[in-house]
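Participant: What follows is a structure written as structure tokens; I'll ask about it next.
Rule-based calculations on the coordinates, nothing more; no lab input. Bear in mind that the values here come from a model prediction, so they are computed numbers and not experimental data. Ideal geometry is used to build each Cβ from the backbone, glycine not excepted, and the neighbour counts take in all protein chains shown.
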Ligand code: PMP
């Protein structure tokens, strides 16, 4: 039976193949007689799952050897505290504010260190990206925080800044929660990346951290041991019980990602090509219409989260009801901005975006 297309911002749609595989292994994982949920995290079986999950992720994202991959808990908001607890040394850090999530990160960091705003797009309601050359970076910052995809505002950083070229010594910390694995990452420009799994990687409950080794071992005294990156790294993400089932589901998603091809492209590069095509199709529909609009500057529009508005907002409920009837789910915009939002993560096939675009054109016609 065909399932509806689900445009949720997260927790979000997962590939049907992954869900089917999990269902088939639910009661008995690989002849072990156990569900993955029932296994000791220290047993041989889960050990094998963790190992291959980490190796597949390292391969997919081309994570260099001098970076550690940590599977943690607490989500993106947890990391808003955990990053300054580990990296700030209680001193100065810089923030680039590009939308709701980086604003939240800034506020949380201020509980642990002196967090400065190096640049902000708040004055234009988070619709453009301040050019890196204009950032007012501190000489002594311990790190620079950037949300590389703002899920609510639909603003994406398409090229990570080269902080060294900007005269800054600090490592770049990115919150890549909502576009991880949708595109390649230039690790030469990154010190640490974190993200919740519940958009592009798997179910909620797992937080991914990829951190350069030299940044480990500087946690503040008050940092909880379970959140000290060095402790987590030294214990291979097993200092405390990791979110075993969520890790397993992410592992199945990574195997699915490795199987994806687009012409000569494979894995994340194949996804990136597809994601470009999906986003082009949807923004094209919005831009050619006088009925729909998106406010974000074209050079920083998100390929993952596409917020849009109906010219006649009194039609919002009718739009959503018609969409649901047409098998297009969870298109309502975030409560803080209103309107609509279509999240088109890796698991959304081009056919889903085509169906949405066809529905939008049809709905517009009925409004004439
Ligand atoms: N950062 C970004 C970019 C997000 O999209 C989200 C969740 N939508 C968060 C942080 C917060 O994540 P969590 O709810 O897992 O703490």
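Participant: Once you put a point 7 Å from the Cα of residue 32 and another 7 Å from the Cα of residue 361, both along the Cβ direction, what distance in nm separates them?
Facilitator: 4.9
Participant: Hey, what number do you get for the chain at 222 nm if only DSSP H runs of n ≥ 4 count, each worth -39500 (n - 2.57), divided across all residues, to the nearest 500? Provide the component values of the computation, followed by the final result.
Facilitator: On the way: 9 runs with 120 residues, N = 368.
Mean residue ellipticity, 222 nm, calculated: -10500 deg cm²/dmol.
Participant: Between residue 62 and residue 299, what FRET efficiency follows from the Cβ-Cβ distance if R0 is 35 Å, with the result rounded to 0.05? Kindly include the intermediate steps, with their values, before the conclusion.
Facilitator: Working: r = 25 Å, r/R0 = 0.71.
So the FRET efficiency works out to roughly 0.90.
Participant: Additional query: Calculate how large, on average over all directions, the projected area of the Cα convex hull of the range 4-124 is; give the answer in nm² to one decimal. Please list the in-between numbers first.
Facilitator: Working: hull surface 46.4 nm².
Its average projected convex-hull area is 11.6 nm².
Participant: Just to compare against my own numbers: the Cα pair-distance distribution for the range 41-82, 10 Å bins, whole % per bin, please.
Facilitator: Result returned by the calculation: 24, 39, 36, 1.
Participant: Among 110, 139, which comes first, second and so on when ranked by fewest other beta-carbon atoms within 10 Å?
Facilitator: Working: 110 14, 139 9.
If I rank by nearby Cβ atoms, fewest first, I get 139, 110.
Participant: Could you work out the Kirkwood radius for the range 143-187, taking every pair of different alpha carbons, averaging 1/r and inverting it, reported in Å? Kindly include the intermediate steps, with their values, before the conclusion.
Facilitator: Numbers: mean 1/r = 0.0887 Å⁻¹.
That comes to 11.3 Å for the range 143-187.
Participant: Continuing with the same structure: Length gain on complete extension for the stretch residue 158 to residue 225, per 0.36 nm per residue less the alpha carbon to alpha carbon distance?
Facilitator: On the way: separation 67, 0.36 × 67 = 24.12 nm, distance 3.49 nm.
Working it through step by step, the gained length comes to 20.6 nm.
Participant: Cα centroids of the range 285-328 and the range 330-355: how far apart, whole angstrom?
Facilitator: The distance from the Cα centre of the range 285-328 to that of the range 330-355 comes to 9 Å.
Participant: Any idea what the relative contact order of the range 229-307 is, in percent, if you count C-alpha pairs under 8 Å spaced at least 6 apart?
Facilitator: Working: 40 pairs, mean separation 12.6, N = 79.
Once normalised by length, the contact order is 16 percent.
Participant: A follow-up question, please. 7 Å from Cα along Cα→Cβ at both residue 186 and residue 16: what's the point-to-point distance in nm?
Facilitator: Placing both labels 7 Å along Cα→Cβ, they lie 3.8 nm apart.
Participant: Bins of 5 Å, beginning at zero and ending with the bin holding the largest distance: percent of Cα pairs per bin for the range 203-268, please.
Facilitator: So the P(r) values, bin by bin, are 3, 14, 19, 18, 15, 13, 9, 5, 2, 1, 0.
Participant: Could you grab the relative contact order for the chain? Cα pairs under 8 Å, six or more apart, rounded to a whole percent.
Facilitator: Details: 697 pairs, mean separation 80.8, N = 368.
About 22 percent, as a whole number.
Participant: Alpha carbon centre of the range 243-264 versus the range 26-64: separation in Å?
Facilitator: So the separation of the two Cα centres works out to 12 Å.
Participant: Rounded to the nearest 5, what % of DSSP beta bridges with both residues in the chain are antiparallel? Kindly include the intermediate steps, with their values, before the conclusion.
Facilitator: Values: 23 of 41 bridges.
Percentage antiparallel, nearest 5: 55.
Participant: Here's another thing I want to ask about it. Pop out the Kirkwood hydrodynamic radius of the range 263-368 from its pairwise C-alpha distances, inverse of mean 1/r, in Å to one decimal.
Facilitator: Values: mean 1/r = 0.0700 Å⁻¹.
When all Cα pairs of the range 263-368 are included, the Kirkwood radius is 14.3 Å.
Participant: For the range 310-368, what are Rg and Dmax over the alpha carbons, in angstrom?
Facilitator: 11.5, 34
Participant: Moving to a separate point now. Show me the three semi-axes of the equivalent ellipsoid for the chain, from the C-alpha gyration tensor (sqrt of 5 times each eigenvalue), largest first, rounded to whole Å. Show your work: numbers first, answer last.
Facilitator: Values: eigenvalues 215, 162, 57 Å².
Value: 33, 29, 17 Å, ordered largest first.
Participant: Which distance in nm do the two modelled labels at residue 138 and residue 240 give, with both placed 7 Å along the Cα-to-Cβ direction?
Facilitator: 2.9
Participant: Let me ask another. For the range 264-330, what is the relative contact order in percent, using Cα pairs closer than 8 Å and at least 6 residues apart in sequence? Show your work: numbers first, answer last.
Facilitator: Details: 36 pairs, mean separation 16.7, N = 67.
Contact order relative to length: 25 percent.
Participant: How high is the FRET efficiency between residue 336 and residue 3 when r is their beta carbon distance and R₀ equals 22 Å, given to the nearest 0.05?
Facilitator: Working: r = 29 Å, r/R0 = 1.31.
Result of the calculation: an efficiency of 0.15.
Participant: Tell me the Rg and the Dmax, in Å, that the Cα atoms of the range 68-108 produce.
Facilitator: 10.9, 28
Participant: Shifting gears a bit: PRE reach from residue 317 (point 7 Å along Cα→Cβ): which of the range 338-366 fall under 16 Å by backbone N?
Facilitator: Counting only backbone N, you get 339.
Participant: Continuing with this model, one more query. Kindly put 113, 147 in sequence by how many other C-beta atoms sit within 10 Å of each C-beta, fewest to most. Can you show the working numbers first?
Facilitator: On the way: 113 20, 147 29.
Least to most surrounded, the residues fall as 113, 147.
Participant: Among 296, 93, what is the fewest-to-most ranking by other Cβ atoms within 10 Å? Spell out each step's value before the answer.
Facilitator: On the way: 296 24, 93 28.
The most exposed by this proxy come first: 296, 93.
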